[in-house]
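Undergrad: Submitted below is the structure of interest, expressed as structure tokens.
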Amino acid sequence: MQLRAFAYHPDYLSALPGSTTSGRVLEALPFDGRELGAQCQLARPPIPEFTVLGGMMVDRIDIGHLLKLGRSFESFGHSVRLIGRYAIDRLGYARGTRLVMGNALVGRLLRSLQQRGVTIWTSAKVERLLGDERRIDGVTVTRNGERYDIQATCGVVLGTGGYNDNPQLRHRFIPTSVEHTPRARTDGGLQKMALALGAKISEIPGASAFWAPASVRKRRDESTAVFPHFVLDRAKPGMVLVNRHGTRYLNESTSYHLFARSMIDATNGIPGFLIADRRALARYGLRMIRPGGHRLRRFIDEGYLVEAPTLDALAARLDIDAASLRETVARMNAFAQSGIDEDFARGTTAYERNLGDPGVAPNPTLGPIDPPPFYPIRLYPADIGASTGIAADAQARVLRDGDPQQPIDGLYVAGNDMQSIMGAAYPVPGINLGPAIVFAYLAAEHCATRA
């Protein structure tokens, strides 16, 4: 793995003792997917709306340069190299081969497997775990219509992404108000097999999953785009979130996990209406709508975006209370002048201020919601990963229900199949991927001692 530390990236809960503003957040360095040859296609493509020009992946550094394309020679050169590389890629590949963020991590690990001659099976389904409640010796797999019993010399590691799309487990753990997700689908099948063998599943109050607000749109191919609103819009000046009563009910600059958790907990919190004025939309975008606000008519015609010349017209089109909406916007405009959000303390922590616009004072997250027209989109809470999962020890061994001192021999768990070490908290970015890597490593290390 090749990682870099962000020079400045405050912890999400930056007001707590022990938090930091730098050095903790790690990001994978870009990786050249051409090194993988034909297996580059095994790296799952990102959400299309996360890419530029129909498939070019970008990280935060790239986004910064693209936004300053016409204002900086350095950014112009960086952007030209990016786009030129992507244009060449598309002559021979179905996607861009410059992999960043999670794709870069996956690509580099995949290359390591190639170099070690590891056999990789895709389109393979585990039908059952071989063994009993005391010891697991392998798995039965079907692939391309063939059935195989595979004996495990070292052990079996559960790492299938969690329970979130298993109907029974989802009904048990996820509120019915949460209907959308941007993550890869996972049905919890191996977790259910482990539970049938006596594995313990963790149940921490309020810790069934991690959350993010998301907007939803039908693509032209009739598939559904679910876009998580992590960092780029909701805390920017000139934006406010209201409910069906036209009132605020949360701090728009808080972490995406707490933001969506507040939506779930609030009465009339779903959907929330994230409203931007004309200037904010043009300067920051409104997620599936990029900065500059181009091709707005398409988004309006599709129903993703609403446009209104006045607050009263906006209230009528969203069927919310006009008087309350006017009062909410008036309060926000006053807060923008003073720099103090008297209702929800928006922009008071290092993390929250980092999400704002550093060129805006006195509070980088607050700006007047004016001039019109006004543009709202609907936000929904989405589950982005399971925090409830199979209980494990420090070697990632699956623990038994009722007898946690006796792990199931030969059975390990990592990733979102495992209970989160964070419980109900989401203190920093990477709390899903970081522990997944660490406990997969610990599982492999312990497996090797059994061989």
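Undergrad: In whole percent, what relative contact order does region 210-383 give with Cα contacts below 8 Å and a gap of six or more residues?
TA: Contact order relative to length: 35 percent.
Undergrad: Note the angle between two axes, namely the Cα long axis of helix 433-450 and the longest principal axis of the Cα atoms of the chain, as a number of degrees from 0 to 90, rounded to the nearest 10.
TA: On a 0 to 90 degree scale, this one is about 10.
Undergrad: Further, regarding this structure: So what's the angle, to the nearest 10 degrees on a 0 to 90 scale, between helix 101-115 and the longest Cα principal axis of the chain?
TA: The angle comes out at about 20 degrees.
Undergrad: Please report the net charge: other residues with Cβ closer than 10 Å to the Cβ of Leu274, K and R +1, D and E -1.
TA: Around Leu274, the charge tally is +1.
Undergrad: At a 4.7 angstrom Cβ threshold, list every cysteine in the chain that has nobody to pair with, or say none.
TA: Within the chain, the cysteines lacking a partner Cβ under 4.7 Å are Cys40.
Undergrad: Same structure, new question: So if we plug the beta-carbon distance of Ala394 and Ala345 into 1/(1 + (r/R0)^6) with R0 = 56 Å, what FRET efficiency do we get, rounded to 0.05?
TA: Computed FRET efficiency for Ala394 and Ala345: 0.90.
Undergrad: Could you tell me the convex hull volume per residue, in Å³, taken over the Cα atoms of region 97-247?
TA: Spread over its residues, the Cα hull of region 97-247 gives 216 Å³ apiece.
Undergrad: Another question about this same structure. Going by average Cβ neighbours within 10 Å, how do the peptides 243-249, 82-88, 377-383 rank, with the highest at the top?
TA: Put in order of decreasing packing, that is 377-383, 243-249, 82-88.
Undergrad: Moving to a separate point now. Give me the number: length gained by fully extending Leu258 to Ile61, i.e. 0.36 nm times residue separation minus the C-alpha to C-alpha distance, one decimal in nm.
TA: Gain on extension, Leu258 to Ile61, equals 68.4 nm.
Undergrad: Here is a further query. Contact order normalised by length for region 144-221, with contacts defined as Cα pairs under 8 Å and 6 or more residues apart; what percent is it?
TA: Worked out over region 144-221, it gives 30 percent.
Undergrad: Calculated from the structure, semi-axes √(5λ) of the Cα gyration tensor in Å equals which of (1) 60, 23, 17; (2) 41, 27, 21; (3) 56, 31, 21?
TA: Derived directly from the coordinates: (2).
Undergrad: Using r as the Cβ-Cβ distance of Tyr8 and Ser123, and R0 as 41 Å, what FRET efficiency do you calculate, to the nearest 0.05?
TA: Step by step, r from the Cβ atoms, then E = 0.45.
Undergrad: Place a label point 7 angstrom from the Cα of Glu35 along the Cα-to-Cβ direction, then list the residues of region 90-105 whose backbone nitrogen is under 13 Å away.
TA: Counting only backbone N, you get 98-100, 104-105.
Undergrad: When a footprinting reagent is the concern and you count Cβ atoms within 10 Å, what order do Phe31, Phe374, Phe73, Phe6 take, fewest first?
TA: By the 10 Å Cβ count, ascending: Phe73, Phe6, Phe31, Phe374.
Undergrad: Between rounded, prolate and oblate, where does region 222-325 land on the alpha carbon gyration tensor, with a ≥ b ≥ c its root eigenvalues, rounded for a/c under 1.5, else prolate if a/b exceeds b/c?
TA: Taking the square roots of the gyration eigenvalues as a ≥ b ≥ c, region 222-325 is rounded.
Undergrad: Right, something else. Compute the helix-to-body angle for 256-265: its Cα long axis versus the longest principal axis of the chain, expressed 0 to 90° and rounded to tens.
TA: 80
Undergrad: Computed FRET efficiency, Cβ-Cβ of Ala322 and Arg220, R0 45 Å: what is it to the nearest 0.05?
TA: Calculated value: 0.85.
Undergrad: If the chain between Leu26 and Asp149 were fully stretched, how many nm would it gain, using 0.36 nm times the residue separation less the Cα-Cα distance?
TA: Contour length minus the Cα-Cα distance gives 40.4 nm.
Undergrad: Whole angstrom only: what separates the Cα centroid of region 431-451 from the Cα centroid of region 155-204?
TA: Using only Cα atoms to place each centre, the spacing works out to 20 Å.
Undergrad: A further question follows. For Ala391, which sequence-distant residues (separation of 5 or more, or a different chain) have an amide H within less than 5 Å of its own amide H, given hydrogens modelled in the peptide plane?
TA: Lys200, Ile201, Ser202, Leu399, Gln419
Undergrad: Through the Karplus equation 6.51 cos²θ - 1.76 cosθ + 1.60, θ set to phi - 60°, convert the phi angles of region 286-296 into ³J(HN,Hα) values in whole Hz; use x for Gly and Pro.
TA: Running phi through 6.51 cos²θ - 1.76 cosθ + 1.60 with θ = phi - 60° gives 9, 6, 4, 9, 7, x, x, x, 7, 6, 5 Hz.
Undergrad: What number comes out for the charge environment of Arg220, summing +1 per Lys or Arg and -1 per Asp or Glu over other residues with Cβ under 11 Å away?
TA: My count for the surroundings of Arg220 gives +1.
Undergrad: Another question, if that's okay. Which value, in debye to the nearest 20, describes the size of the charge dipole of the chain about its Cα centre when Lys and Arg Cβ atoms bear +1, Asp and Glu Cβ atoms bear -1, and nothing else is charged?
TA: So the dipole magnitude of the chain works out to roughly 1240 debye.
Undergrad: How much of the pair distance distribution for region 1-154 lies past 26 Å, counting alpha-carbon pairs only, in percent?
TA: 48
Undergrad: In what sequence, highest mean first, do 318-331, 151-164 appear when ranked by Cβ atoms within 10 angstrom?
TA: Answer by packing, highest mean first, reads 151-164, 318-331.
Undergrad: In addition: Scan around Ala308 for amide H atoms under 5 Å from its own, H built in the peptide plane at 1.01 Å from N, and keep only partners 5 or more places away or cross-chain.
TA: Result for Ala308 returns Phe374.
Undergrad: Sticking with this structure for a sec: For region 210-383, count the residues as N, evaluate 2.2 N^0.38 Å, and divide the Cα radius of gyration by that value, please.
TA: 0.94
Throughout, read-outs are computed from the coordinates displayed, never taken from laboratory work. Note that the coordinates shown come from a computational prediction; the quantities given were computed from them, not determined experimentally. Every residue, glycine among them, receives a Cβ derived from its backbone with ideal geometry; neighbour counts consider all protein chains shown.
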